[in-house]
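A.B. asks: Below is a structure I'd like to ask you about.
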Amino acid sequence: MRKPGSVIVYIANLDMLVLAYGVPVKDPLHGNVVERLRACGFAAHSLSGNAAVFLIDLPASGASQVALDRLLERLRAAIEDRPFTCAGHRIYLQAGLDVFYLPDGSAATDVQEAFAAHRGWAPGGEQPYAAAVTGSSLRSDLLQAGMLLDALQEGALALAFQSVLRTDGAVLYHEALLRHAAPGTQDVFNLTQSIRALERTGGAARLEQCVVWTCVQLLRTHPDQRLGCNVSAMSLRDTAWWRLLLDHLAHHPQVAGRLVLEIKETSGVPASAETFELLARLQGCGARIAIDDMGAGHSTLEFLARSQADVVKMDRNLVVHALHSPAPADMLRKLVAACSVLCPCVVVEDIETPAEFAAVRQSGARGLQGVQIQVPELKPAWLKSGQAIVACDATAAVAPTPADGAARPAGRAGLPPLAA
């Protein structure tokens, strides 16, 4: 059996940072990473001078996959969870991690081969920026993304909740939406623009994991609620964090059965087989999968079919288009029927007018959502705490917790089914 022998640690966004801030950023960045790893008890061997690639040897005795994943998350957190300052810039790093296994249990690894390959290991497998992008525009995006991550660290981001209703008025689940925690702080930075900047610079997965973990914690303390949260398809990779979450959900079926992950296709890059395998594993634990924004952006019927989703949410553009067709009621029914072939629960979202509300109720859709029905609330009546502040430490998911007692089937009792 192969045993993990070492971990290669590298800065996945190094090329991006050099493009934005210049080559002089490399030396202080390298030293900063060394200090962070040493402070966490990791003895790292530098493989590349100021290119910030390190080798960390693992204990020869080996460890379980869960223990290894916890170690990988500790490494990631040591590098990513606070900014590093260089020439007045606050810079958030992105950690790349890869485990090298030993086929015979020996202590040797092919370090040269590992180092030569490191540039191809960027999270998600692609570079979010083309070479033609200017340093100034990249610095602007990094600044906006950094303000969002600063707010996360400061506990200044909260979740607002908007109900997704069944057409008979029952609540299917509450969707968690990212908001500024304090009223009047919206002018500090534009949340929507900062989220898009974070996506363009490759850091969205970290924020999404914090939101998912916050929802998981809420589900543990609110056993009569079902919550949904957004995850981009590009963030769904077989990484340590997702494996640890799967382990947590497997030990807490009452939580898993009330978690709805709303998947967005945020790029034109086709989802990989790895993405669909992870979705299947999440469903195997009891979580529900919803495909968000169908009819907008890059969401496709092929993605819906391959994901075998529990819910599909039709974008309001489809509703607006249908209502302006020669036969609006018939057009909307056909659109809903087409999605219903691939998914048992069709929800129409972003309903803004009484006319849209009436049309959707007659369309055959299972559910509705939008400001015409309910505006997102930072303090809904069911929330026990004052606000749901987004956890700044997604690595809380690595801490072992007692499993739920075996009682009801996962997430079914007391809640309306997603497909009635």
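A.B. asks: What ranking of Asp292, Asp330 comes out by heavy-atom accessible area, probe 1.4 Å, highest first?
C.D. replies: My answer, sorted largest first, is Asp330, Asp292.
A.B. asks: Which residue, Val320, Ala355, Ala337, has the largest displacement toward the positive end of the dipole of region 309-357 when charges sit on each Cβ (Lys, Arg +1; Asp, Glu -1)?
C.D. replies: It is Ala337, whose Cα lies furthest towards the positive end.
A.B. asks: A follow-up question, please. To the nearest 20 Debye, how big is the dipole of region 1-104 about its Cα centre, given +1 on the beta carbon of each Lys and Arg and -1 on that of each Asp and Glu?
C.D. replies: Values: 10 positive and 10 negative charges, 36 e Å.
Using only the charged Cβ atoms, the result is roughly 180 debye.
A.B. asks: Sticking with this structure for a sec: Rolling a 1.4 angstrom probe over the protein chains, ignoring ligands and nucleic acids, what is the accessible area of Leu142 in square angstrom, nearest 10?
C.D. replies: Answer for Leu142: close to 30 Å² accessible.
A.B. asks: Among His222, Leu245, Phe276, whose Cα projects farthest towards the positive end of the dipole of region 170-277, with charges put on the beta-carbon of Lys, Arg (+1) and Asp, Glu (-1)?
C.D. replies: The residue sitting most towards the positive pole is His222.
A.B. asks: At what distance in angstrom do the alpha carbon centres of region 133-163 and region 31-86 lie from each other?
C.D. replies: A separation of 25 Å, based on Cα centres.
A.B. asks: Please give the charge dipole size of region 158-222, origin at the Cα centre, charges +1 on K and R Cβ atoms and -1 on D and E Cβ atoms. Round to the nearest 20 debye.
C.D. replies: 120
A.B. asks: Got a number for the accessible area of Met331? Probe 1.4 Å, square angstrom, nearest 10.
C.D. replies: Accessible surface of Met331 is approximately 60 Å².
A.B. asks: Separate question: Give, in nm to one decimal, the length gained when the segment between Gln153 and Lys334 is fully stretched (0.36 nm per residue of separation minus the Cα-Cα distance).
C.D. replies: Working it through step by step, the gained length comes to 60.5 nm.
A.B. asks: Sum up the charges of everything whose Cβ sits under 15 Å from the Cβ of Glu356, counting Lys and Arg as +1 and Asp and Glu as -1, but leave Glu356 out.
C.D. replies: Summing Lys/Arg as +1 and Asp/Glu as -1 gives 0.
A.B. asks: Shifting gears a bit: Provide Lys384, Lys26, Lys334 ordered by accessible surface of protein heavy atoms (probe 1.4 Å), highest first.
C.D. replies: The ordering from most to least exposed comes out as Lys384, Lys334, Lys26.
A.B. asks: I want the local charge near Ala67. Using Cβ-Cβ distances under 14 Å, sum +1 for each Lys or Arg and -1 for each Asp or Glu among the other residues. Intermediate results must be reported in sequence, preceding the final value.
C.D. replies: Details: positive: Lys3, Arg70, Arg74, Arg243; negative: Asp69, Glu73, Asp247.
Neighbour charge sum, excluding Ala67 itself: +1.
A.B. asks: May I pose another question? Just subtract the alpha-carbon distance of Ala63 and Gln308 from 0.36 nm times their residue separation and send over the number in nm, one decimal. Don't skip to the answer; put the middle values down first.
C.D. replies: Working: separation 245, 0.36 × 245 = 88.20 nm, distance 3.43 nm.
Stretched fully, the Ala63-Gln308 segment lengthens by 84.8 nm.
A.B. asks: Is region 167-257 rounded, prolate or oblate when judged by the Cα gyration tensor, a ≥ b ≥ c being the square roots of its eigenvalues, rounded requiring a/c under 1.5 and prolate requiring a/b larger than b/c?
C.D. replies: Oblate shape, in that a/c is at least 1.5 and b/c is the bigger or equal ratio.
The values are calculated or read from the model by the stated rules, or taken from the named source; none is laboratory data. The structure presented is a predicted model; accordingly, all values stated were derived computationally and were not measured. Reconstructed Cβ throughout: ideal geometry from the backbone, glycine too, with neighbour counts over all protein chains shown. Just so you know, the surface numbers come from the protein's heavy atoms only, side chains and all, with ligands and any DNA or RNA stripped out. Shrake-Rupley method; radii C 1.70, N 1.55, O 1.52, S 1.80 Å.
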